Amino acid sequence: MPAGILVVLLAAGFFGWRTREAPDEREIRARLDALRNEVNTSTKEGLGSALHAAQVGSYFTDDAVVELGEGAAPIKGRETLIGMVARLQPRTAAFRMDLDDITIDMVPGANAADVLLTASFTRRNISTGEESLDAREYALVMNKTDGSWRIARITAIDTLR
Amino acid sequence: MSSGSLTRRLVFGSDPRRTLVRVLVLAILSFVTFKWVLIPIRAEGISMAPTYQSGSFNLVNRLAYQRRKPARGEIVAIKLAGPHVLYVKRIIALPGEHIAIERGQVYINGAPLSEPYVKDRRGWDIPEIALTSREYFVIGDNRGMRAADHDFGRVDVSRILGRVIF
């Protein structure tokens, strides 16, 4: 085998080894991906709004806290969250959520992880069809309970203060 | 020369091995350039209008601030959790300065700031803010919006990814 190809293969192998993810990190990414898909599923696609809200709620722990900042009171508890998602449902049909730049730090010795990500919400004006984008950075605490990774806390981060 | 060999020669050149090396070098150079040096971005939203319209394509020079610090008036890309979603804003105040906005007019250390790039102005009022040695104050060019609908404020220097060059 020519030396050049061997060097390229070794470099690719080293890069792959350096960027490999632990199984828990892969699970967390898959879980967040599933949450994004769940949020983006509109009730028009077959799920009733209460069921859809409950599905979204299943990604959170019972005592989850969501802090959106900007003077808004924190949302405490999965049931409160489910209620809010159910009420918001008719509006969520007009927006799409994307999650980017996900960084996962496993907490040593605990079934917990700190996650940093950017959530983008693309809203579509139903009457004009015009789209607007709102992006924000969030810090998440995720816990593994009953074999599944769930969000225990979401805190909005003010990039511009 | 048959048409088949002419096509092969046009596609692969007279020396296919050398052509392959050139293609590989070009691919690697493009990858490195557009991943770490010039980041292509697409502006979304109207906060930088009229300088940048929503949907416009721009490039961010990540090396712009390797040898110097960001300057007032420059348009910069600001990262959120990473480099895939960015704010594009203009620097209007530098570290250590005091900034205030009174009825839409920006004041730096008490002196009014000339902003020829602002075409429409609402009467925004922002009380005086003292920036730390690591903070810049950034804002979009579209001041015809309501202040509540516009993302602007202090940003830590570590979040400035590079300069938007066009």
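The values are calculated or read from the model by the stated rules, or taken from the named source; none is laboratory data. In this text, all values refer to a predicted model and were calculated from it rather than measured experimentally. Note that each Cβ is placed from the backbone with ideal geometry, even for glycine, and that neighbours are counted across all protein chains shown.
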May I ask you to list the residues in segment A:145-161 that are more than 13 Å from chain B (Cβ to nearest Cβ) and either in a loop (DSSP other than H, G, I, E, B) or touching a helix residue (DSSP H, G or I) at 6+ places or on another chain (Cβ under 9 Å) (or both)?
-> A:Asp146, A:Gly147, A:Ser148, A:Trp149, A:Arg150, A:Ile151
Within segment B:41-64, identify whether any single residue is touching a helix residue (DSSP H, G or I) at 6+ places or on another chain (Cβ under 7 Å) and aromatic (Phe, Trp, Tyr), and answer yes or no.
-> no
What pairs come up if the first residue lies in segment B:27-49 and is more than 14 Å from chain A (Cβ to nearest Cβ), the second is of a type in the set (S, T, N, Q) and surrounded by 13 or more Cβ atoms within 10 Å (Cβ to Cβ), and their beta carbons are under 7 Å apart, counting only those six or more places apart or on different chains?
-> B:Leu38/B:Asn61
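Table: residues versus (1) buried (at least 17 other Cβ atoms within 10 Å of the Cβ); (2) of a type in the set (Phe, Trp, Tyr); (3) not in a loop (DSSP other than H, G, I, E, B).
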site: A:Val66; (1), (2), (3): yes, no, yes
site: A:Met97; (1), (2), (3): no, no, yes
site: A:Leu117; (1), (2), (3): yes, no, yes
site: A:Ser120; (1), (2), (3): yes, no, yes
site: A:Ile126; (1), (2), (3): no, no, no
site: A:Gly129; (1), (2), (3): no, no, no
site: A:Ala139; (1), (2), (3): no, no, yes
site: A:Met142; (1), (2), (3): yes, no, yes
Only one of these is touching a strand residue (DSSP E or B) at 6+ places or on another chain (Cβ under 7 Å), away from every other protein chain (no Cβ under 13 Å), touching a residue at least 60 places away in the same chain (Cβ under 8 Å) and within 16 Å of A:Leu32 (Cβ to Cβ): A:Met97, A:Met142. Name it.
-> A:Met142
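For the structure I just gave you, tell me whether B:Ala100 is surrounded by 14 or more Cβ atoms within 10 Å (Cβ to Cβ) and either in contact with an Asp or Glu (Cβ under 6 Å, 6 or more places away or on another chain) or farther than 24 Å from B:Val157 by Cβ (or both).
Values: surrounded by 14 or more Cβ atoms within 10 Å (Cβ to Cβ): yes; either in contact with an Asp or Glu (Cβ under 6 Å, 6 or more places away or on another chain) or farther than 24 Å from B:Val157 by Cβ (or both): yes.
In short, yes.
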Just wondering, is there one or more residues in segment A:81-92 that are under 22 Å from B:Ala148 (Cα atoms) and within 15 Å of the chain's Cα centre (by Cα)?
-> no
Return only the number of the condition from (1) part of a loop (DSSP other than H, G, I, E, B); (2) modelled with pLDDT of 90 or more; (3) surrounded by fewer than 17 Cβ atoms within 10 Å (Cβ to Cβ); (4) away from every other protein chain (no Cβ under 14 Å) that B:Gly82 does not satisfy.
-> (4)
With respect to A:Glu137, is the statement that it is without any contact (Cβ under 8 Å) to a residue 24 or more places away in the chain and within 15 Å of the chain's Cα centre (by Cα) true?
-> yes
Just checking, how many residues over segment B:13-50 are modelled with pLDDT under 90, in contact with a Leu (Cβ under 6 Å, 6 or more places away or on another chain) and farther than 30 Å from B:Asp120 by Cα?
-> 0
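From the list B:Val37, B:Val11, B:Val23, B:Val32, exactly one residue is loosely packed, with under 10 Cβ neighbours inside 10 Å and among the β-branched types (Val, Ile, Thr). Which is it? Steps first, please.
Values: B:Val37 fails: loosely packed, with under 10 Cβ neighbours inside 10 Å; B:Val23 fails: loosely packed, with under 10 Cβ neighbours inside 10 Å; B:Val32 fails: loosely packed, with under 10 Cβ neighbours inside 10 Å.
Going through B:Val37, B:Val11, B:Val23, B:Val32 in turn, the sole match is B:Val11.
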Boolean, B:Val138 is touching a strand residue (DSSP E or B) at 6+ places or on another chain (Cβ under 6 Å), over 21 Å from B:Phe34 (Cβ atoms) and within 14 Å of another protein chain (Cβ to nearest Cβ) | yes
Across segment B:45-63, what is the number of residues that are surrounded by 20 or more Cβ atoms within 10 Å (Cβ to Cβ) and in a loop (DSSP other than H, G, I, E, B)?
-> 4
